[in-house]
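Here the structure comes first, spelled out in structure tokens, and everything after it is commentary.
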Amino acid sequence: MLSTLPPVILLDIAILFTALSWGLGMYLVDKKVHLFASLAIGCFVCLFGYSVESLGAPPWAVVAAPVPPDILLLWYVLRKPKEMLLAYPLIWAIYIVFHVLLSALLHYDSLIPAWRLHS
């Protein structure tokens, strides 16, 4: 359903849900709203992943490439190792739930391109 939209809109949707997962994950751990940080991280992560994918990298590299910058950005925002250890898996769990829901309901696989949940 969403797959018929232009690539720019699909990238915007990916940025929005990536930022939402980061914002929710950091809020649940830190109890502070990090609105601009989560939007900035969402933009960076999606654009970085899109860049890696456009270079022809294998699917595992597209998923793995943003992880080191993710950790650095999370450190920049939270600055507490214990909160980081809780927040990062929580962010990924929220991100995966969004991916499953969007893929199942709207046939949108762009959150995790390497993990297509429908044909």
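Relative to the longest principal axis of the Cα atoms of the chain, the long axis of helix 67-78 lies at roughly 40 degrees. Report, in degrees rounded to the nearest 10, the 0 to 90 angle that the Cα long axis of helix 35-54 makes with the longest principal axis of the chain. That works out to roughly 40 degrees. Computed per residue of the chain from DSSP H runs no shorter than four, each worth -39500 (n - 2.57), the mean residue ellipticity at 222 nm is -25000 deg cm²/dmol.
Three principal axis extents describe the C-alpha atoms of the chain; from largest down they are 40, 29, 21 Å. Over segment 1-60, the hull volume per residue, using the convex hull of the C-alpha atoms, is 103 Å³.
Share of the chain's accessible area from carbon and sulfur, percent, 1.4 Å? Display every interim value, and only then the final one.
Values: 5400 of 7050 Å².
Carbon plus sulfur share of accessible area: 77 percent.
Each label was represented as a point 7 Å from its Cα along the Cα-to-Cβ direction; for SER54 and ASP12 these points are 1.7 nm apart. Entry note, the chain: relative contact order of 31 percent, from Cα contacts under 8 Å with a spacing of 6+ residues. Spin-label pair LEU2-ALA93: with each label point 7 Å from Cα along the Cα-Cβ axis, the two points sit 2.2 nm from one another. Solvent-accessible surface of the chain, taken per residue with a 1.4 Å probe and all protein chains present: 59 Å². Relative to the longest principal axis of the chain, what angle (0 to 90°, nearest 10) does the C-alpha long axis of helix 81-106 take? Compared with the principal axis, the helix lies near 20 degrees. Whole-Hz Karplus values for segment 6-21 come out as x, x, 5, 5, 4, 5, 5, 5, 4, 4, 4, 6, 5, 5, 5, 5 Hz, taken residue by residue from phi with 6.51 cos²θ - 1.76 cosθ + 1.60 and θ = phi - 60°; glycine and proline positions read x. Here the simple spin-label model places points 7 Å from the Cα toward Cβ, and for LYS80 and LYS31 these points are separated by 0.9 nm. Sorting the Cα pairs of segment 69-113 by distance into bins of 5 Å, from 0 upward, gives 5, 22, 22, 17, 13, 12, 8, 1 percent per bin.
The values are calculated or read from the model by the stated rules, or taken from the named source; none is laboratory data. Bear in mind the structure is a predicted one, so any value in this text is a computation, not a measurement. Note that we place each Cβ from the backbone using ideal geometry, even for glycine, and neighbour counts take in every protein chain shown. These area figures cover heavy atoms from the full protein model, side chains too; ligands, DNA and RNA do not enter into them. Shrake-Rupley method; radii C 1.70, N 1.55, O 1.52, S 1.80 Å.
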